[in-house]
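Working notes for the structure below.
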Amino acid sequence: MSADFPDYLDVDYADGEGETPEDYPTLEDKIEKAVAVVRTGLEEYENPAIMWTGGKDSTLTLYFVKEVAEEYGYEMPPAIFIDHYQHFEDLLDFAEHWADEWDFELIYARNEDVGDYVEANDLDPGDDIDISALSEHNRHHVRDILDYQEDTFPFLLDTYVGNHLLKTVALNDALEEYDVDGIFSGIRWDEQEARADETFFSPRHDPDIYPPHDRIQPILQFDESAVWDAFWHYVVPESVEGYPEEGYVPQAYDDLPEGITHEDIPVSPKYFKGFRSLGSEVSTDKADDEPAWLQDLDNTTERAGRAQDKEDLMERLRDLGYM
């Protein structure tokens, strides 16, 4: 990281302040803003990266970055994939496939100290992890940053300690290792109250909490429905050979244009099976039997299948560097 960070940047940290998705009324308005944010991010940051989970929001963000980089001749940044050891079985294969298909570098962010302990002790999700057996780095986060005083914590992603060590610490360690000054993130204003006050360029500059960097957030202005509209009318038709150019919205798991398979589409099959969120295999259930985009998106909760759904927890994790 340059000692001059963030002085070399010319970004508006107030961009998006006080706005909501309604300030971008059409899908074209939303896409136009996303492209502008991505282009500024690729121009201004010396060593950007993309935060990618394989989910719909981060994949849409990844697609915008790829398209803008190709259109304007920027170098495609690497994608940082947080491997928290509790993914759905096929998600890592999905990530590898599309990293190869779209030709970008894929970096895995893992808290290997926790992962090694889990493997050495043959733990299952929910089993206890002995904090005293972890590295000084992880003990510091548990005791000094989280102020957690118990001797153990459960090996579960959707808990305060588990989420912080498996996701936030893993991400922040990767940002430091790869000297990232700006990371593209696929969060949205409407997703949670804890994210409603985010701006398109959001500073994370406190060195006592995380490696100083900025979050570049091109799809804040999208809602869940608009994300799916962008996929079926832009991302998939432009990415998948043989897909109808005017777009096509599948009505069921097997409802794909002739000659197209799920492997051809940058959309996890889990969404076709009714999942609306891909948190973890342990703590995420499908929301309905219908594909995600056909469900009642306006009157049901996107994270209804997730164990972690408490705003105070999300706010605390956000302050520590979580997405």
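The values are calculated or read from the model by the stated rules, or taken from the named source; none is laboratory data. Everything numeric in this text was worked out from a predicted model, so none of it was measured. Counting neighbours? That spans all protein chains shown, and the Cβs are built from the backbone with ideal geometry, glycine included. Only protein heavy atoms, including side chains, enter the accessible area calculation; ligands, DNA and RNA are left aside. Shrake-Rupley method; radii C 1.70, N 1.55, O 1.52, S 1.80 Å.
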message = On a straight-distance basis, which lysines could pair with LYS270 in a cross-link, Cα separation under 16 angstrom, same-chain partners fewer than 8 positions away excluded?
response = LYS56, LYS286
task = Would you please give the residues with an amide H less than 5 Å from that of PHE184, counting only those at least 5 places away or on a separate chain, with H modeled from the backbone geometry?
result = ALA49, ILE50, MET51, ILE216
request  = Step through the residues of region 279-294 one at a time and calculate ³J(HN,Hα) from phi using the Karplus curve (6.51 cos²θ - 1.76 cosθ + 1.60, θ = phi - 60°), rounding each to whole Hz and writing x for Gly and Pro.
outcome  = x, 7, 5, 6, 10, 10, 10, 5, 8, 6, 7, 7, x, 3, 6, 9
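How many percent of Cα pairs in region 156-250 exceed 21 Å?
On the way: 2320 of 4465 pairs.
When every Cα pair of region 156-250 is considered, 52 percent fall beyond 21 Å.
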key: Mean shadow area of region 66-183, taken as a quarter of the surface of its Cα convex hull (nm²)   = 8.5
task = Over region 120-221, give the accessible area per residue in Å² for a 1.4 Å probe, as an integer.
result = 39
ask   = How much of the accessible area of region 106-244, in percent, comes from carbon and sulfur atoms when a 1.4 Å probe is used?
value = 40
query = Computed over the Cα atoms, what is the radius of gyration of the chain divided by 2.2 N^0.38 Å, N being its residue count?
reply = 0.98
request  = Would you kindly calculate the mean projected area, averaged across all directions, of the convex hull enclosing the Cα atoms of region 241-300, in square nanometres?
outcome  = 4.8
key: Length-normalised contact order of the chain in % [C-alpha pairs under 8 Å, at least 6 apart]   = 21
query = In whole Hz, what ³J(HN,Hα) sequence does region 137-143 give by Karplus (6.51, -1.76, 1.60; θ = phi - 60°), x for Gly and Pro?
reply = 4, 6, 4, 4, 5, 5, 7
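I need the peptides 134-141, 256-263, 60-67 ranked by packing, meaning the mean over residues of other C-beta atoms within 10 angstrom, with the highest value on top. Walk me through the intermediate numbers first.
Working: 134-141: 15.2, 256-263: 12.0, 60-67: 24.0.
Peptide ranking by packing, descending: 60-67, 134-141, 256-263.
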Zone of HIS137's modelled label, taken as backbone nitrogen in region 1-28 under 20 Å from a point 7 Å along Cα→Cβ = 1-2
query = So how do 233-239, 7-13 stack up, highest first, on mean other-Cβ count within 10 Å?
reply = 233-239, 7-13
note = A correct Karplus calculation of ³J(HN,Hα) over region 12-23, with 6.51 cos²θ - 1.76 cosθ + 1.60, θ = phi - 60°, whole Hz and x for Gly and Pro, returns 9, 5, 8, 4, x, 4, x, 8, 9, x, 5, 6
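To the nearest 20 debye, what is the magnitude of the charge dipole of the chain about its Cα centre, counting +1 on the Cβ of each Lys and Arg and -1 on the Cβ of each Asp and Glu?
On the way: 22 positive and 82 negative charges, 91 e Å.
Using Cβ point charges on Lys, Arg, Asp and Glu, the chain gives about 440 debye.
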query = What residues have an amide H closer than 5 Å to that of TYR108, excluding those fewer than 5 places away on the same chain, when H is modeled at 1.01 Å from N in the peptide plane?
reply = PHE81
